[in-house]
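Let me give you the structure first, and then I'll get to my questions.
Throughout, read-outs are computed from the coordinates displayed, never taken from laboratory work. In this text the structure is predicted, and so the values were computed from the model without any measurement. All Cβ positions, even for glycine, are placed from backbone atoms using ideal geometry, and neighbour counts span all protein chains on display.
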Amino acid sequence: MRGERKLFGALSFKLRGGELLRIGGANGSGKTSLLRIACGLLEPTGGEVRWAGENIRRLQEEFWRQLVYIGHANAIKDDLTAAENLHVACTLAGNRMQPAQIGEALRRLGLAGCENMPARVLSQGQRRRTALARLALSEAMPLWILDEPFAALDLEAVEHVQNLIAAHVSRGAAVILTTHLETKIAAALRIDLERA
Amino acid sequence: MLAALRCVIHRDLLLAVRRSSDVLTVLLFFVIVVSLFPLGVGPDPALLRTIAPGVIWVAALLASMLALQRMFASDHADGTLEQMLLGATPLGMTVAAKVFAHWVVSGLPLVLISPVLALQFDFPQELLGVLALSLALGTPVLSLIGAIGAALTLGLRGGGALLSLLVLPLYVPVLIIGAGAAEAAVSGLGGHAQLLLLGALLAFAAAFAPWAAAVALRISTE
């Protein structure tokens, strides 16, 4: 429920390690709300979300320690450099990284030379890349939840992020994402939300 | 977990340094408001001495109000707050770290400059320490209580006015006890009892306010 509107109901799905779930649907069909419910930011009006059999409302930090969520907002501070932003994002998630690893992750996302620039001067796509560089450092996290990860990215970066996701899935981790692009990763489960 | 808390404090202080105008606004507001009183009330030393603690405390209260709204607003706007809600550290601890950084930026400067401002009121020099100490114990309480209000009004239209209405009544005990400490010291009674009470308020607020603010944040981001 969002406001007075019922977005979706009677929705049930199960995701195992090594699976990718792609949530589709028109604008306003509730994709972001579903992701926010899945990661525990939003309480569902009815029903529950379980992680390894336990309700995530009870697990709290124990669940969040294993989760990477990258939402619509990039969580990038204008006054910090790209490297500082990435360092803060990783440390908040309980994933401490050395400066060398952070530089390497930014380079892998094609941000070589931008590490020490304040995020204010980066373009929208470069900010998105900075946020997504966290994925390259989160290989140990068993669940990634990504809201429109390819928005604002150019073709080369889309390719790169898709490779990161494919590698993560093949490592046996689970990924949930929303996107309008066709992903090339095989064996994807799909849920299409209809506009209510 | 300590690494995450250090990181939050370091980040907030770094942001304050890179955006120093925000810090200076609060400090200048405090200085100007306090300086207006001797100009408006007139140069009677006895009267100025009497009103000094109250004026400085009320000004500190208003100055710290000024900075409150910013406590979570920018993190909310750019999505960092969501990452904090989903962080590996319990949210209450993260909030406590943020409140601490907020106090260092908006409360500590007031404490440090208050003895200089008190001189304008012919405040007894040997009692400047009591005044500064009362502010040092009281302003963190203001930040802690304010954090709850800031979290509750996050993302609301006209949240600033609502925040003042919500938080100012809760500041009253701190104001009475804080200004009372300096007044008691001036009148020769010694302000120990009031300072101890302020310390107790601080301990109580430090233990509970971050958790209350954390719950409020979860509600207002849903």
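Mean-square fluctuation check for chain B, GNM, Cα pairs under 10 Å: which of B:P53, B:P45, B:P140 is largest?
Largest GNM mean-square fluctuation: B:P45.
Round to the nearest 10 and give me the degree value, 0 to 90, for the angle of helix A:82-92's Cα axis relative to the longest principal axis of chain A.
For A:82-92 against chain A, the angle is about 40 degrees.
Also, I was wondering about something else. Give me the distance between the Cα centres of the range A:7-36 and the range B:34-104, rounded to whole Å.
Using only Cα atoms, the two centres lie 42 Å from each other.
Okay, moving on. Could you grab the relative contact order for the range B:101-222? Cα pairs under 8 Å, six or more apart, rounded to a whole percent. Write out the running numbers ahead of the final one.
Numbers: 121 pairs, mean separation 40.1, N = 122.
Relative contact order for the range B:101-222 comes out at 33 percent.
Separate question: What range in chain A is the longest one free of trypsin sites (Lys or Arg not before Pro) that are in a loop by DSSP and have at most 15 other Cβ atoms within 10 angstrom? Don't jump to the answer; show the numbers that get you there.
Values: sites that count: A:K6, A:K14, A:R16, A:R96, A:R171, A:K184, A:R195.
Free of exposed loop sites, the longest segment is A:17-95.
Over the protein assembly as shown, what is the percentage of antiparallel beta bridges among all DSSP beta bridges, to the nearest 5?
On the way: 4 of 23 bridges.
Of those bridges, close to 15 percent are antiparallel.
Out of residues 5 or more away from A:I176 or on other chains, whose amide H comes under 5 Å of its own, with H placed 1.01 Å from N in the peptide plane?
The answer is A:L21, A:W144, A:I145, A:L146.
Suppose the Debye formula is applied to equal point scatterers at every Cα of the range A:20-193; what is log10 I(q)/I(0) at q = 0.09, 0.10, 0.13, 0.18 Å⁻¹?
Summing over Cα pairs of the range A:20-193 leads to -0.30, -0.37, -0.64, -1.23.
Let me ask you something else. For the protein assembly as shown, what is the charge dipole size about the Cα centre, in debye to the nearest 20, if Lys and Arg each add +1 at the Cβ and Asp and Glu each add -1 at the Cβ? It would help to have the intermediate numbers written out before the result.
Numbers: 34 positive and 31 negative charges, 190 e Å.
The dipole of the protein assembly as shown has a size of about 920 debye.
Could you please state, rounded to a whole Å, how far the C-alpha centre of the range B:187-215 is from the C-alpha centre of the range A:67-124?
39
In what sequence do A:H168, B:H76 fall when counting other Cβ within 10 Å, fewest first? Present the calculation step by step, with values, prior to reporting the outcome.
Values: A:H168 24, B:H76 20.
Least to most surrounded, the residues fall as B:H76, A:H168.
Between B:E183, B:E126, B:E82, where does the largest GNM mean-square fluctuation fall for chain B, given springs only between Cα atoms within less than 10 Å?
Answer for the Gaussian network model of chain B: B:E126.
Follow-up. Per DSSP helix of 4 or more residues, -39500 (n - 2.57); summed, then divided by the residues of the protein assembly as shown. What does that give at 222 nm, rounded to the nearest 500?
Taken over the protein assembly as shown, the calculation gives -20000 deg cm²/dmol.
Just need the relative contact order of the range A:20-193 here, percent rounded to a whole number, with Cα pairs under 8 Å and 6+ apart.
For the range A:20-193, the relative contact order is 35 percent.
Also, quick follow-up: Would you please put B:34-43, B:185-194 in order of how densely packed they are, using the mean number of other Cβ atoms within 10 angstrom per residue and starting with the highest? Can you show the working numbers first?
Details: B:34-43: 13.8, B:185-194: 15.9.
Most protected by this proxy first, the peptides run B:185-194, B:34-43.
Using a Gaussian network model of chain A whose springs link C-alpha atoms within less than 10 Å, name the residue from A:L177, A:L20, A:L122 with the highest mean-square fluctuation.
Residue with maximal mean-square fluctuation among A:L177, A:L20, A:L122: A:L122.
Hey, what do the phi angles of the range A:116-127 turn into as Karplus ³J(HN,Hα) couplings, whole Hz, using 6.51/-1.76/1.60 and θ = phi - 60°, x for Gly and Pro?
Working through the residues one at a time gives 9, 8, x, 4, 4, 8, 7, 7, 4, x, 5, 5 Hz.
As I understand it, the value is the acute angle between the Cα axis of helix B:159-186 and the longest principal axis of the Cα atoms of chain B; what does it come to in degrees, rounded to 10?
40
Still on this model: Over the range B:2-221, what is the relative contact order in whole percent, taking alpha-carbon pairs under 8 Å and six or more residues apart?
Normalised by residue count, the contact order of the range B:2-221 is 27 percent.
Which of the listed residues, B:L91, A:L111, B:L61, is farthest toward the dipole's positive end in the protein assembly as shown, when Lys, Arg count +1 and Asp, Glu count -1 at the beta-carbon?
It is A:L111, whose Cα lies furthest towards the positive end.
Report, to the nearest 10°, how far helix B:128-152 tilts away from the longest principal axis of the Cα atoms in chain B, using its own Cα long axis and a range of 0 to 90°.
Approximately 30 degrees, to the nearest ten.
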